[in-house]
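Scroll down for the structure; my scribbles are underneath it.
The values are calculated or read from the model by the stated rules, or taken from the named source; none is laboratory data. Keep in mind the model is a prediction, meaning the values are calculated, not measured. Heads up, the Cβs are rebuilt from the backbone with ideal geometry, glycines too, and the neighbour counts pull from every protein chain shown. Please note that ligands, DNA and RNA were not included when accessible areas were found on the heavy atoms of the full protein model with its side chains. Shrake-Rupley method; radii C 1.70, N 1.55, O 1.52, S 1.80 Å.
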Amino acid sequence: MSTISVTVNGRTYQSDVEPRTLLVHYLREQLNLTGTHIGCDTSQCGACVVHINGQSVKSCTVLAVQADGAEITTIEGLAQNGQLHPLQEGFWEKHGLQCGYCTPGMIMSAYDLLQQNPNPTEDEIRHGLEGNLCRCTGYQNIVKAVQYAADKMNGSGNSPGE
Amino acid sequence: MTTVTKMVGQSLKRREDPKLITGKGNFLDDIKLQGMSHAAILRSPYAHAKINSIDTSKAKALPGVIAIFTGDDMMDINPLPCAWQAGRVQNNANTPRALSAGKALYAGDGIAMVVAENRYIARDALDLIEVDYEPLPVVVDAKKATEAGAPQLHENAPNNICMTWDCGHKDATDAAFSSAEVTVKEQIINQRLIPTPMETRGALARYDEATGEFTVWMTSQAPHVMRLLLTAFVFGIPETKLRCISPNVGGGFGQKIFCYADMAFTMWAARKLGRPVKFVEDRSENYRSSTHGRDHITDVEIAGTKDGTITGLRIETWANLGAYLSTIAPGIPTTLYGRIATGVYKIPAAYCKVHGVYTNTAMVDAYRGAGRPEASYLIERMVDRFAAEIGMDPAEVRRKNFIQPSDFPYDNGMGLLPYDSGNYEPALDRALAMVGYADFRNEQAEARKQGKYLGLGISSYVEICGVAPSAWIGLPGEGWGAGLWESANIRVHLTGQVVVTTGSLPHGQGVETTFAQIVADELGVPYESVLIEHSDTAGTPFGYGTYGSRSLAVGGTALYKSVAKVKEKAKKIAAHMLEANPADIEYADGKAYVKGSPDQAKTLGEIALQASVAYSLPEGVEPFLDETTYYDPPNCTFPFGTHIAIVEVDGATGMVAIKRYVGVDDVGNPINPLIIDGQLHGGIAQGIAQALYEHGVYDENGQLVSGTLMDYAVPNAAMLPNYELDRTVTPSPVNPMGVKGAGEAGTIGSAQAIMNAVIDALAPFGVKHLQMPATAERVWRAMQSH
């Protein structure tokens, strides 16, 4: 067992983990943060995307011990004070989800995309989300959801959520 | 009460979403129980092998391992049932057991189960199990499996043939062909697809020794049916001893309809060990061991006149069923395929013969459209082939042969119930107008001069939705041997809040939102005051579940009828309260009043309170507003439409780029257009994916080459276009809301639009047909070979 210290959604945890524990299993099973999902075993689907120190990462491809000392944000940490993040709003408004299984990872990836490119074109959104798979929506409304969030975040002049 | 705004027809955002966008969903693997253990399954690496021995001693000694079981341990439960033995299956329905014993019939067949304290230990233990396999010859191709000398999977199925089925009129069809001016023949392959719901499948079983009751949380589209099959068929226990719960389900697409081994082995082990047992598939396990879709090899011929009238259609299909029969597998390539093979056309003579074949591959069952995409692909490709053969515009061939509005209800002669309603030409015309068809051919000719290969593909489709009528689908020999109705209960509580329970259940379809819209309008209560409960066999009436685009047309109509019953009872009670004759009472906007005196109305809330406290009710009227309907419709519904794709093929690489995708669909009266369009988008994405990307491939040894998401090309956002949608509205006469269903239409209408476009683009190379998926390599090779 190794002891790690991580700050997840603003709260610091000291945990004993097996060195081989994947970050996604640590989040889901030790911290009970089950909003981060697992959809594959080859790092293709992106259902497990979280932010480590502000960057989007597939948490199925990171060991929990590698996150020692890191600040992590999961889907549960995106809404602030009961206020949905514009991306969450966008997915709801634009019907950007159906079964909702890919949605947390999709939103977390889109967040990183908008951090890097606050005014993405449709093409840039599609390419920016290449690491996330959705089987329900055919992506068109996901693109609209991200556009909605970009507009809202630009209109308000700040980036709510963090 | 204020006047209620009409909800039906509005694009309401979904009430399902808040928990899903905040990470608060409750999917199977999110559930933890006290004392829960974790299962992992050892799966045969061989596609066909005798199992001489299994040594579990080393694995059992691993700390944290609770128990290890093999197929021999579970012989006290029965194999999983095949519930829909359509297609004239006779005495050779071979179904899987919880674990296979003695033999493995496909790579991925489960042969041993580890139960451990956590999933890591369970997986470690798998590596310590030693199995002595004796590999046997393998066959993966459905047509080859029927040939002399092919490896045999089951003693009771000579030549691996599970069933041979036909529909239509053989003699008339043969006659039509022998006298035809033009005939065109093709072998068309509808490749194997892997459904890939983003959440894999699994089960979590708990057994209560004191009561003898099981509770199973499962990734299921049909928990009531699973309860029936697992108790009455697999375990031989009373139905009441099992409660099935579908929590949030991360996509179904058919793969989650069926009764699976994991439901049985988690139950069996939970009872044996006295601890809850959870099993959740890895993605690669889901790929190897859960059901696949399609996999047809078809010889097809179309006959017609030189001026474009189709006179005959003759089909022979080898449908790969996999190593065993899955729950409803025989019905998919028969009832849901051959019977709709003539599509939107009046074809005077048609015949379809289907061989259902066992092979050393994962089971094949219903997947996203289930039979109907295979049928629509076939006829729409052949109509294009016919048009090319006679040199006629493919749009005009379609128009010339369409079933006309005056022909409905239309009997297609294939043993289906009559098509309910349709008006195919406006959808075609609208789609042609949207793509600018008149100008396209000039543009295409110009582009060809510059070495650019544009192609346009048309697909006019019809499909079978609202899959139900028990009198049809339940026919002995052809059908379930069971009904296929749907249920809905509605209760108005004394606070005026409305609680609906339904046998339908959503896993992305927005059933909670759509159903609440219907109740709000019909009952005249605020949308927010309507709660839709589902997915738990405790507390909901028996229902057949959500698949076959049936939730709205069947489940929704059950709800509609229950609301009508509540209104009738409310009127009686209101009449009593108003001291009026019940015949004089009207109900509108949530209020009951004497005709002409809406000022003296009683609100539904007041009536519900009166019905609930019940100190004064009319004679013979029971307390409480509580009504249930078990609705068995008189017919299916038949949505239709035209999809058109424009593609450009790169002459140097064979890459296909989609320039436009237009869909004009008719799903009957729309309830929530936002949700309908979303359903269509996703369906179209799957059709495009089949046409261009996806292929479940087995090698000759029966190894699934496309066994992970690294190898199986589920498209991402950059691989799909925008969909330009419009609709026509032809209400269904089958149900009072005039709805048809939208869950599968997109998939059923789309693959052939893309393929027809690709093949049109390749016309300068003399290409007449190309098998799916039209990968760059395949397209490039087609260009080189001419």
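A few points about this structure:
- Residue B:719 vs. criteria at the interface with chain A (Cβ under 10 Å from one of its Cβ atoms), under 24 Å from the mean Cα position of the chain (by Cα) and open to solvent by 10 Å² or more (accessible area, probe 1.4 Å): yes
Condition check ((1) in contact (Cβ under 8 Å) with a residue 40 or more places away in the chain; (2) open to solvent by less than 70 Å² (accessible area, probe 1.4 Å)) across all residues:
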residue: B:423; (1), (2): yes, yes
residue: B:434; (1), (2): yes, yes
residue: B:438; (1), (2): no, no
residue: B:448; (1), (2): yes, no
residue: B:474; (1), (2): no, yes
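- Leading residue by the ranking (nearest to the other protein chains (Cβ to nearest Cβ)) among those in the stretch B:183-198 that are charged (D, E, K, R) and open to solvent by 10 Å² or more (accessible area, probe 1.4 Å): B:186
- Spans of helices (runs of 4 or more DSSP H) in the stretch A:87-162 with at least 1 residues over 15 Å from the mean Cα position of the chain (by Cα): A:122-128, A:140-156
- Members of the stretch A:27-59 that are more than 9 Å from chain B (Cβ to nearest Cβ), surrounded by fewer than 24 Cβ atoms within 10 Å (Cβ to Cβ) and part of a helix (DSSP H, G or I): A:30
- Of the criteria (1) open to solvent by 20 Å² or more (accessible area, probe 1.4 Å); (2) part of a strand (DSSP E or B); (3) under 30 Å from residue B:433 (Cα atoms), which one residue B:651 fails: (2)
- The C-beta contact set for the stretch A:114-132 (first residue under 24 Å from residue B:198 (Cα atoms), second residue open to solvent by 80 Å² or more (accessible area, probe 1.4 Å) and modelled with pLDDT of 95 or more, distance under 9 angstrom, 6+ apart or interchain) comprises A:128/A:116.
- Top-ranked residue of the stretch B:591-604 - restricted to ones that are at pLDDT below 95 and either of a type in the set (Gly, Ala, Ser) or assigned to a strand (DSSP E or B) (or both), ranked as surrounded by the fewest Cβ atoms within 10 Å (Cβ to Cβ): B:596
Okay, residues lined up against (1) touching a Phe, Trp or Tyr at 6+ places or on another chain (Cβ under 9 Å); (2) closer than 20 Å to residue B:372 by Cβ:
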residue	(1), (2)
B:668	no, yes
B:683	no, yes
B:686	yes, yes
B:694	yes, yes
B:702	yes, no
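- Given (1) part of a strand (DSSP E or B); (2) within 30 Å of residue B:736 (Cα to Cα); (3) within 28 Å of the chain's Cα centre (by Cα), index of the condition residue B:677 fails: (1)
- Meets criteria (open to solvent by 10 Å² or more (accessible area, probe 1.4 Å) and over 30 Å from residue B:559 (Cα atoms)) for residue B:758: no
- Residue match in the stretch B:674-694 (condition: open to solvent by less than 10 Å² (accessible area, probe 1.4 Å), away from every other protein chain (no Cβ under 14 Å) and β-branched (Val, Ile, Thr)): no
- The one condition in (1) farther than 30 Å from residue B:7 by Cα; (2) in contact with a strand residue (DSSP E or B) (Cβ under 7 Å, 6 or more places away or on another chain) that residue B:677 fails to fulfil: (1)
- Selection from the stretch B:602-625 of residues that are in contact with a strand residue (DSSP E or B) (Cβ under 7 Å, 6 or more places away or on another chain) and either of a type in the set (S, T, N, Q) or free of Cβ contacts under 8 Å to residues at least 12 places away in the same chain (or both): B:603
- Selection within the stretch A:119-140: residues that are polar (S, T, N, Q) and open to solvent by 10 Å² or more (accessible area, probe 1.4 Å). The member of this set that is nearest to the other protein chains (Cβ to nearest Cβ) is A:140.
- Considering each residue of the stretch B:767-785 in turn, none proves to be out of contact with any helix residue (DSSP H, G or I) (no Cβ under 6 Å at 6 or more places or on another chain), within 14 Å of another protein chain (Cβ to nearest Cβ), open to solvent by 50 Å² or more (accessible area, probe 1.4 Å) and in a loop (DSSP other than H, G, I, E, B).
- Residue among B:102, B:108, B:87 that is more than 25 Å from residue B:137 (Cα to Cα) and away from every other protein chain (no Cβ under 14 Å): B:87
- When residues of the stretch A:60-69 are limited to those that are crowded, with 22+ Cβ neighbours inside 10 Å and over 30 Å from residue B:706 (Cβ atoms), the one nearest to the other protein chains (Cβ to nearest Cβ): A:64
- Check on residue B:15, at pLDDT below 95, under 26 Å from the mean Cα position of the chain (by Cα) and open to solvent by 30 Å² or more (accessible area, probe 1.4 Å): no
- Number of residues in the stretch B:513-531 that are open to solvent by 10 Å² or more (accessible area, probe 1.4 Å) and within 26 Å of residue B:469 (Cβ to Cβ): the value is 2.
- Condition broken by residue B:13, with the remaining ones in (1) under 30 Å from residue A:88 (Cα atoms); (2) not in a loop (DSSP other than H, G, I, E, B) satisfied: (2)
- Residue tally, condition open to solvent by 10 Å² or more (accessible area, probe 1.4 Å) and free of Cβ contacts under 8 Å to residues at least 40 places away in the same chain, over the stretch B:480-501: 2
- Elements of the type strands (runs of 3 or more DSSP E) sitting completely within the stretch B:49-138 and holding at least 2 residues that are in contact (Cβ under 8 Å) with a residue 24 or more places away in the chain and open to solvent by less than 10 Å² (accessible area, probe 1.4 Å): these cover B:110-116.
- When the stretch B:1-52 is filtered for residues that are more than 14 Å from every other protein chain (Cβ to nearest Cβ), under 23 Å from residue B:676 (Cβ atoms) and of a type outside the set (S, T, N, Q), the ones remaining, listed by number, are B:4, B:6, B:7, B:8, B:9.
- Among the residues of the stretch B:696-711, those identified as more than 9 Å from chain A (Cβ to nearest Cβ), surrounded by 20 or more Cβ atoms within 10 Å (Cβ to Cβ) and in a loop (DSSP other than H, G, I, E, B) are B:696, B:702, B:707.
- The lone criterion from (1) surrounded by fewer than 23 Cβ atoms within 10 Å (Cβ to Cβ); (2) facing another protein chain (nearest Cβ under 9 Å); (3) within 30 Å of residue A:19 (Cα to Cα) left unmet by residue A:79 is number (3).
- In the set (1) closer than 21 Å to residue A:31 by Cα; (2) more than 7 Å from every other protein chain (Cβ to nearest Cβ); (3) touching a Gly at 6+ places or on another chain (Cβ under 8 Å); (4) crowded, with 22+ Cβ neighbours inside 10 Å, residue A:72 fails one condition alone, (3).
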